[in-house]
């Protein structure tokens with residue numbers, strides 16, 4: 001379970017995240033959607049311990065991030081939007097590195113890594129340096145590394161960036177399967193069709209605030225429209241007016 | 001040429017923004033670096049001024065020495081220009097991130113090529129301006145040169161810079177025509193590094209200090225032969241030397257031929273480069289964009305080394321240190337610097353082997369021990385110089401992948417200490433080799449051997465902590481070239497802090513060591529009061545070492561804990 005209490009982040013006087021309160025039940029695929037600069041990535045970075053909140057708290061599985069960061073990080077699998085990795089390691093070495101960092105037991109780790117490399121179609125490249133991987137391959141490697149330690153919470157920032165349709169389908173399946181087994185998936189995305197397809201609950205954010213939150217049906221009610229998620233999104237975030245000037 | 005102007009405008013806009021929009025810390029950094037630059041400039045000026053004044057006091061050979069020195073300086077500047085242009089041209093023409101954007105623009109290939117060549121010239125020309133001008137102005141002062149001389153400096157620098165850049169760009173275009181840009185880059189970097197080291201070693205092993213002592217030579221002919229520099233009438237630096245020298249000594253002979261040689265070569269080189277670019281530049285660029293599988297040699301050896309080193313460690317420390325070793329040895333910009341390390345150590349030890357101790361008016365037993373004591377400080381400075389290059393960038397080396405550490409369950413404290421120990425062990429080994437071997441060459445007393453070995457051993461703990469800690473206080477995770485991190489503001493602060501630390505340790509130990517040695521040589525006993533003083537000094541040294549390990553590490557930890565990208 002994920003819970004935000006009055007979560008706020010102020011950068012140089014700008015409220016990137018403004019007093020967010022949110023609850024995501026265990027075993028849910030949750031989507032955070034919003035325009036560029038809405039505060040999605042900042043929220044995610046605070047969840048995974050990369051940024052410190054200015055105010056408010058984040059609870060993950062009952063633990064508060066500022067009090068027990070190590071324990072929380074151990075149960076999180078984080079997939080960032082840009083695949084910056086150690087370019088001078090091979091894919092296999094990177095997975096072993098992450099296994100060591102997350103304290104994954106050495107028993108059976110080789111088989112687990114081999115299986116993940118197969119699933120993500122990286123076996124042929126396991127001994128090549130990451131610097132020679134394409135963007136999509138790096139993204140697949142990051143996803144493999146993120147789920148290697150069997151995390152209870154998966155936090156994803158723009159999961160489909162750089163993935164081909166086959167990779168995208170695989171990732172969607174992994175998220176839904178993991179949620180089915182009790183893991184919580186928290187993802188931010190611009191791809192509204194993806195959010196509509198796999199997220200049980202969605203929050204629309206703009207200017208650091210939550211404008212609407214709930215299931216697709218709840219959002220339709222809150223926006224007062226029966227149209228698609230895209231229409232709801234544009235109506236709530238004011239994107240419609242921007243299109244009119246073109 | 002409209003596109004050319006547009007293509008070079010981002011560099012000017014970026015520079016302007018950097019100056020006008022910098023705030024707080026950044027402004028202080030710019031100011032500090034400017035002051036350091038001016039100081040360096042003044043030091044170079046006064047060094048050469050003194051040297052030239054000394055030369056001018058030497059009858060017969062004074063002018064010969066000054067002219068040879070001028071030829072040597074210009075030849076060296078010209079060679080450095082070519083090498084630095086090769087490296088910057090590779091980056092500007094083939095490897096920069098914005099090249100794809102530029103190549104997809106409607107600018108013509110030649111406009112694009114010229115704009116990137118312009119970047120290359122700008123990137124490389126600061127060095128002769130910074131290091132060359134003070135030398136040449138010192139010449140002007142000593143020889144009371146007129147306005148003509150100072151005007152001719154432009155006439156010399158402009159063509160030398162453009163010819164150097166054109167040659168560098170030409171070499172790069174031809175290399176990349178046959179090799180992928182990345183590999184060509186590695187080869188060029190390795191070769192230039194190798195050449196610089198060879199030049200450095202050659203220069204040192206020639207013992208240039210003998211040139212100011214003609215008595216050391218058997219005859220005049222032998223002395224004059226030793227003065228000869230490698231020069232050729234076909235080199236632009238030779239034409240530049242003739243031109244400047246004529247202006248310095250107010251020689252009335254016409255220098256029009258040297259002028260023409262310099263400027264006609266400049267124009268010819270630019271035309272040849274443009275012509276070459278039309279044929280081979282785009283093909284080379286296109287090849288450099290293609291993705292290549294990047295395998296790595298020596299995998300088995302490296303795996304064995306990593307496994308042996310990290311076996312006794314906990315899994316998280318094992319991961320960090322294994323990653324550190326692997327990335328270090330696979331990054332050419334990193335491991336190739338080990339050659340510098342070897343050269344630095346070789347010259348350092350060579351200097352001890354050629355010390356004329358027997359000629360000293362002081363008793364050599366005193367001198368040996370005094371030198372051994374100074375050696376602690378000098379070895380400390382050598383270790384600091386190595387640390388600023390290898391240890392200081394340790395935290396920044398995580399680069400844009402630092403999110404992996406931040407989002408992992410590894411605590412930042414543990415991360416920082418893992419980095420510390422990864423560098424401490426090799427630095428200890430290097431320091432002990434330096435101190436023990438140089439003491440062996442000096443034939444010092446066992447007391448000094450033990451004292452200096454122990455002092456440097458504990459000093460390295462502080463030097464490495466300063467490197468890791470201050471490296472975390474001044475991190476640069478956005479760098480494109482790790483070698484440049486040491487040259488920034490943080491590297492400067494580190495060198496100052498490290499030098500102060502070494503100087504204090506040496507000063508604290510100097511008095512007690514003198515008391516013990518002088519009592520030993522005079523056959524006296526050390527008094528109780530002296531023992532108290534000696535004991536207190538060494539306790540302060542121990543406390544200072546502990547402080548220098550703890551404080552920078554805690555400052556570094558706070559800085560990366562508060563880091564927000």
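Only the coordinates and a few stated rules stand behind these numbers; no lab work does. This structure is a prediction, so every number in the text was calculated from the model and none was measured. No Cβ is skipped: glycine too gets one built from the backbone with ideal geometry, and neighbour counts run over all protein chains shown.
Taking a point 7 Å out from the Cα of residue B:274 in the direction of its Cβ, the residues of the range B:1-43 whose backbone N falls within less than 12 Å of it are B:1. A convex hull fitted to the Cα coordinates of the range A:9-128 yields 156 cubic angstrom per residue. Note on the range B:334-561: Rg/Rh from Cα positions, Kirkwood definition for Rh, rounded to two decimals, is 1.04. Could you tell me whether the range A:95-169 comes out rounded, prolate or oblate from its Cα gyration tensor? Rule is a ≥ b ≥ c as square roots of the eigenvalues, rounded for a/c under 1.5, then prolate if a/b exceeds b/c, otherwise oblate. The shape class here is oblate. Placing dummy labels 7 Å off each Cα toward the beta-carbon, the span from residue A:134 to residue B:457 is 5.7 nm. What FRET efficiency would be calculated for the residue pair residue A:173, residue A:222, taking the C-beta separation as r and a Förster radius of 30 Å, to the nearest 0.05? Taking R0 as 30 Å, the efficiency between residue A:173 and residue A:222 is 0.50.
Inverting the pair-averaged 1/r between distinct Cα atoms of chain A gives 18.8 Å as its Kirkwood hydrodynamic radius.
Using 17 Å as the cut-off for backbone N distance, which residues of the range B:247-276 belong to the label zone defined by a point 7 Å from the Cα of residue B:154 along Cα→Cβ? Zone members listed by number: B:259-260, B:263. When each of A:46, A:1, B:459 is scored by the number of other beta-carbon atoms lying within 10 Å, the sequence from fewest to most is A:1, A:46, B:459.
For a paramagnetic label modelled on residue B:546 (point 7 Å from Cα along Cα→Cβ), amide N atoms under 14 Å away belong, within the range B:498-540, to B:538-540.
Based on C-alpha pairs under 8 angstrom that are at least 6 apart in sequence, the range A:2-215 has a relative contact order of 33 percent. Shielding by partners for peptide B:317-328, expressed as the average number of C-beta atoms from other protein chains within 10 Å of each residue's C-beta, is 4. By the count of neighbouring beta-carbon atoms within 10 Å, fewest first, B:126, B:417 end up ordered B:126, B:417. Just checking the listed ones, A:85, A:51, A:14: in the Gaussian network model of chain A with Cα springs under 10 Å, the one fluctuating most is A:14.
Remark on chain B: Rg and Dmax equal 27.0, 87 Å (Cα only). Note on residue B:421 and residue B:42: their simple-model spin labels are 4.7 nm apart, each label 7 Å out from Cα toward Cβ.
Each residue in B:521, B:329, A:97 was given a count of other beta-carbon atoms within 10 angstrom of its own, and listing them fewest first yields B:521, B:329, A:97. Both radii are taken from the alpha-carbon atoms of the range A:50-195; with Rh as the Kirkwood radius, Rg/Rh is 0.96. Rounded to two decimals, the Cα radius of gyration of the protein assembly as shown over 2.2 N^0.38 Å is 1.13. Note on residue B:432 and residue B:351: the model spin-label points, each 7 Å out from Cα along the C-beta direction, lie 2.4 nm apart. Here the Gaussian network model covers chain A, with springs between Cα atoms less than 10 Å apart; of A:109, A:44, A:33, A:109 fluctuates the most. Residue separation of residue B:141 and residue B:267 scaled by 0.36 nm, minus their Cα-Cα distance, works out to 42.2 nm of gained length.
Once the Cβ-Cβ distance between residue B:303 and residue A:115 is put in as r, and R0 is 30 Å, what FRET efficiency do you end up with, to the nearest 0.05? The calculated FRET efficiency here is 0.85.
Taking only the Cα atoms of the range B:127-174, the radius of gyration and Dmax are 13.7, 45 Å. Each distinct pair of alpha carbons in the range A:5-63 adds a 1/r term; the inverse of their mean, the Kirkwood radius, is 12.1 Å. Between residue A:64 and residue A:21, residue separation times 0.36 nm minus the direct Cα-Cα distance comes to 14.0 nm.
Here the extension length gained between residue B:28 and residue B:538 equals 179.9 nm, from 0.36 nm per residue of separation less the Cα-Cα distance. Computed on chain B, with alpha-carbon pairs under 8 angstrom and 6+ residues apart, the relative contact order is 14 percent.
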